[in-house]
Amino acid sequence: MSTPREPGAPGTDPDAPAGSGPAAPPGAPFEETPWRRLDPRTLLVHCGWMAAPLGSLALTALATGGRINTEAWITLAAISASFAVLTTLGLIRWARTEFRITIPRRGEGAGGASPTFDVRSGLLTRRLRSVPLHRIRTVDLTATPVHRVLGVTVLRAGTAGSGDGSSELSLEALAVPEAERLRTELLAYADAEAVANDPVVARINWRWLRYAPLTFWVIGGVFVVAGGAYRALDGIGIEAWKLGFVQRAFTEFGASALWLTIPAALVVILALGSVGAVVLYVENWWSYCLEWTDSRTLRVRRGLLTTRAVTIERARLRGVVLREPLLLRAGGGALVRAVAGGLGNREENRKRSGLLPPAPRAEALRVAGGTLRSPFPGSAAPAALTPHPRVALRRRRVRGLLFVVLPGTAVLAGLGAAFTPVLLHCAWIYALVTTALSLWLARDAYRNLGHGLDGPYLVARSGTFSRDTVALQRDAIAAWTFSTSPFTRRAGLVTLTAAVAAGEDGYRIPDLPAADAPGFATTAAPGILEEFLVHPGPAPVPGQRAR
């Protein structure tokens, strides 16, 4: 959590001009450190918002043959006025945003002072945030295509307790050399002990591209792009479904033999999705490198158009997750994510916690072990994990039949009875196919269930569409949550969730035996549940009356 200093506090002068030091009296514990400003190209970055409205106007002019109506002129005038206002506000914000690293004086008078990172900002309300350097956990550099064209980048410093992003310090934008120097300064107080002979854990291997299509985006990405294009066209007044070539395509599709056109359409979607998945893979993981910069700092560098460099302090690394989505698992691949604090809120954590792109499972295990500085527990020997009771398999089968097979079959059968007997045949075909699929997925989900303890780590594995194996430091567990429902209570099961101040905040172990869950939780993280447990008293002596 950052420590704010109020304007007028000793050792600060909020109204001092840029480049001047703090107005510290003689003998003050801090040296006079000059304030630094953001790069002037920050103003150009803030103009990037104009691309969307100007692009819409250009497309409108192109679609109408150069004829721009009154509404378009009003939009252009609004854009111009907004540009003037926002540019003025951006200029004021740039002029009033400054930063510095304050180093305590040596010798007498320093007391318990520690080096701090100070950021002074505010448009109307001035704010001075001062964070001790020893509380900074991560320093990330992120550059979008606009930043890269202008030669600048965004620096974000995550601090202890900044899981929700509220304590994160952000500077936009700095020249790339200046940002690199500032990151080096902020991390200079990390332990600089020598690391292993080869601090590089992994580098990009373009043979891994074959795993790119084995993700959700190979199909879902096509519909996301199509939906985005439709919304963009609709925003500029073009109704896509009324375009001539679109109507002709639908007419020809319906007039042709569906047993040929539907498979052909699926092949086209898969081809487009595969190309898109490969493009995204290259853009996201270009120049990928995972390395230990020193004995306490892990860094991930990647990106082609938008570059990203994420640093994770070893003290904030609470474990890793080996993730195996269904298609990727079928292809023998996996990916790795970090369980670490200081990576922002849930959305930012998903973007910044990636340690390895989709790659061979053996490589994922090696990278997970290199991140933990010990062999990754649990996955190398899956049989070592404790299996869950058979009633968990029954629950998954029942859920598949109730929530997948029954509703679809009932809807098709009802429509068939009301309209056409063809749908009755579709109903029994759907029932057969989905029943077999649901039973197979239920069996796979049950086989993937497992939990156990491996030295300092709690290991939990679950999931079928995405089988996740998490290795979590036992001393990082802050609390336990026991979750039940009427159905799980009747089956004698409970879902145990380990709460940690990192990653997804909580990691579930579903469908544990209710009688075994408290003992397992107590063994995994002693000192949390003992006061809530009821231990049986001594056996009564025969013939003695109970009191």
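Taking the stretch 396-413 on its own, how many of its residues are farther than 20 Å from residue 429 by Cβ and open to solvent by 40 Å² or more (accessible area, probe 1.4 Å)?
We begin by selecting, within the stretch 396-413, every residue farther than 20 Å from residue 429 by Cβ; these are 396-399.
When the remaining residues are screened for being open to solvent by 40 Å² or more (accessible area, probe 1.4 Å), the result is 397-399.
The total comes to 3.
Can you name every residue in the stretch 281-303 that is open to solvent by 30 Å² or more (accessible area, probe 1.4 Å) and modelled with pLDDT under 90?
Those that are open to solvent by 30 Å² or more (accessible area, probe 1.4 Å) and modelled with pLDDT under 90: 293, 296.
Test residue 138 against the criterion of being buried (at least 20 other Cβ atoms within 10 Å of the Cβ) and modelled with pLDDT under 75, and give yes or no. Break it down stepwise before answering.
Numbers: buried (at least 20 other Cβ atoms within 10 Å of the Cβ): yes; modelled with pLDDT under 75: yes.
Yes, satisfied.
Within the stretch 336-363, can you find the residues that are surrounded by fewer than 22 Cβ atoms within 10 Å (Cβ to Cβ) and of a type in the set (Lys, Arg)?
Within the stretch 336-363, 346, 350, 351, 361 meet the criteria.
Residues in the stretch 435-456 that are farther than 26 Å from residue 402 by Cβ and at pLDDT 95 or above: how many?
0
Checking the structure you have, find out if any residue of the stretch 418-440 is at positive phi and surrounded by fewer than 20 Cβ atoms within 10 Å (Cβ to Cβ).
Quick first cut of the stretch 418-440, residues at positive phi only: none.
The answer is no; no qualifying residue exists.
Quick one: which of 278, 267, 300, 282 is farther than 15 Å from residue 359 by Cβ and not in a loop (DSSP other than H, G, I, E, B)?
Values: 278 fails: farther than 15 Å from residue 359 by Cβ; 300 fails: farther than 15 Å from residue 359 by Cβ; 282 fails: farther than 15 Å from residue 359 by Cβ.
Selected residue: 267, the only one of 278, 267, 300, 282 that is farther than 15 Å from residue 359 by Cβ and not in a loop (DSSP other than H, G, I, E, B).
Assuming residue 495 fulfils every condition listed in (1) open to solvent by less than 40 Å² (accessible area, probe 1.4 Å); (2) in a helix (DSSP H, G or I) apart from one, which condition is it?
(2) is the only condition that residue 495 fails.
Give the residues of the stretch 473-517 that are touching a residue at least 40 places away in the same chain (Cβ under 8 Å) and in contact with a Gly (Cβ under 6 Å, 6 or more places away or on another chain), sorted by residue number.
473, 501, 502
Would you check which residues across the stretch 329-366 are over 24 Å from residue 506 (Cβ atoms) and assigned to a helix (DSSP H, G or I) and list them?
Residues of the stretch 329-366 that are over 24 Å from residue 506 (Cβ atoms), as a first pass: 330-333, 357-363, 365-366.
330, 361, 362, 363, 365, 366, listed by residue number.
Among all residue pairs at least 6 apart or on different chains, which show Cβ distances below 8 Å where the first residue, located in the stretch 387-404, is touching a residue at least 60 places away in the same chain (Cβ under 8 Å) and within 26 Å of residue 453 (Cα to Cα) and the second is open to solvent by 40 Å² or more (accessible area, probe 1.4 Å) and hydrophobic (A, V, I, L, M, F, W, C)?
Here the result reads 395/487, each pair linking the stretch 387-404 to a residue that is open to solvent by 40 Å² or more (accessible area, probe 1.4 Å) and hydrophobic (A, V, I, L, M, F, W, C).
The values are calculated or read from the model by the stated rules, or taken from the named source; none is laboratory data. Values in this document were obtained by computation on a predicted structure and should not be read as measured data. Don't worry about glycine lacking a Cβ; one is built from the backbone with ideal geometry, like all the others, and counts go over all protein chains shown. With ligands, DNA and RNA removed, areas are computed over all heavy atoms of the protein, side chains included. Shrake-Rupley method; radii C 1.70, N 1.55, O 1.52, S 1.80 Å.
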